[in-house]
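Nothing in this text is a laboratory measurement; each read-out follows from the coordinates by a stated rule. Quantities reported herein were computed from a predicted structural model and do not represent experimental measurements. Reconstructed Cβ throughout: ideal geometry from the backbone, glycine too, with neighbour counts over all protein chains shown.
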Amino acid sequence: MPDPGVSIPAAYGGVEATPEWAAEIKRLAKARNAVILAHNYQLPAIQDIADYVGDSLGLSRVAAEVEADEIIFCGVHFMAESAKILSPDKRVLIPDERAGCSLADSITAEQLREWKADYPDAVVVSYVNTTAEVKALTDICCTSSNAVEVVASIDPDRDVLFLPDQFLGAHVKRETGRDNIHIWAGECHVHAGINGDELTEQADSHPDAELYIHPECGCATSALYLAGEGAVPEDKVKILSTGGMIDAARESTAKQVLVATEVGMLHQLRKAAPDVDFQPVNPRAACPYMKMITPAALLRCLTEGRDEVHVDPEIAAKARLSVQRMIEIGNPGGGE
Ligand code: SF4
């Protein structure tokens, strides 16, 4: 569901995910001593061939711990960068380096430098969907699971610059009740496309269903508002990170669950709880960048050893500090 203002490069194509393709991918990965990681929003064929599937932070942790010479990161570029930041000694490859992220692109290092100059004493809190350069200018990173705790841990008298997601920022502001939090007006065009109207319509037509909402979705604020109004029963609404959704799915006793996040997530949820009927709030909410990691791109990656992810060591060292502070506060879960 590309935003009209966002231009998505054409993905590598022409290769089907056949059993022969899968066998060749496994053979090449073994020959390279490479481990394949896939984000929850990847195409089902890519998720199914991966050694590990998860959310961005969980995968970065696997990348740091796993015994392999190479990490093949099937996700978007900032995630592969995070894996490189946390495991600087490993070779990290992404099957298509053009797989960007509209949320990470909504603030550049230059823009953050200018914003910081306006609030020299502020503490900078960045959601993990940011480039390595932005993380290097950040005091504490956060995920959707610990954003509220991270901001609550900061001296109440100090200004906070929260970036780049305005919906997560609004959620944190409401939960902490802080007036001195300044929120960058960035958004993910995929999540912003899941709106309150669609949610109300779906909730009305599926009155017995539970609702899983990812806080980066544009619908999170209206979902909480609707729950407060009694339009959606409060106990049926769960605000969860992607990792939290999988845990909740395994324990769910609901017959049907409406899911407000990127549609790739449904593949893992259906595998985790096959008896539950998971339905997307917006079936068109597919991240076009995530879907650039095609069977052809993965084959090219393993055949040619491309595209390698490089992060300047000085930037990586500073970025690592802000990520480590995030891991120390609360339960960071897994990010997007
Ligand atoms: S779904 Fe949105 S936030 Fe996530 S990678 Fe795609 S563009 Fe970025």
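Fewest to most neighbouring Cβ within 10 Å: what's the order for Lys238, Lys90?
Values: Lys238 15, Lys90 18.
Exposure proxy ranking, most exposed first: Lys238, Lys90.
For the chain, set up a Gaussian network in which alpha carbons nearer than 10 Å are linked by springs, and say which option among Ala63, Ala319, Ala22 fluctuates the most.
Most flexible of the set in this elastic network: Ala22.
Just tell me, in residue order, which DSSP H segments of the chain are both 27 angstrom or longer along the helix axis (alpha-carbon based) and at least 0.0 in mean Kyte-Doolittle hydropathy. Each step should come with its number before you reach the end.
Working: long enough: none.
In the chain, no H run is both long and hydrophobic enough.
Got a sec? Charge dipole of the stretch 1-113, +1 on Cβ for Lys and Arg, -1 for Asp and Glu; which of Pro9, Ala34, Pro88 is way out at the positive end?
Pro88
Do any GluC sites (Glu not before Pro) in the stretch 46-102 lie in a loop, going by DSSP, with at most 14 other beta-carbon atoms within 10 Å of their beta carbon, and if so which?
Working: sites: Glu65, Glu67, Glu70, Glu81, Glu97; in loops: Glu67, Glu97.
When the GluC sites (Glu not before Pro) of the stretch 46-102 are filtered for loop state and at most 14 Cβ neighbours within 10 Å, Glu67 remain.
What are the extents of the Cα atoms of the stretch 190-280 along their three principal axes, listed from largest to smallest and rounded to whole Å?
Over the stretch 190-280, Cα extents along the principal axes are 32, 26, 19 Å.
Counting Lys +1, Arg +1, Asp -1, Glu -1, what net charge surrounds Thr294 among other residues with beta carbon under 13 Å of its beta carbon?
Cβ neighbours under 13 Å give a net charge of +1.
Antiparallel DSSP bridges in the chain: what percent, to the nearest 5?
5
Using a 10 Å cut-off around each Cβ, can you sort Ser205, Ser222, Ser145 from fewest to most neighbouring Cβ atoms?
Fewest to most other Cβ atoms nearby, the residues stand as Ser205, Ser222, Ser145.
What is the order of His310, His191, fewest Cβ neighbours within 10 Å to most?
On the way: His310 12, His191 26.
By the 10 Å Cβ count, ascending, the order reads His310, His191.
Where does the charge balance sit around Cys219 when Lys and Arg score +1, Asp and Glu -1, over other residues with C-beta under 11 Å from its C-beta?
Local net charge: -3.
Given a 10 angstrom Cα cut-off, can you work out which residue in Ala23, Ala260, Ala285 is the most mobile in a GNM of the chain?
For the chain, modelled as a Gaussian network with Cα springs under 10 Å, the answer is Ala23.
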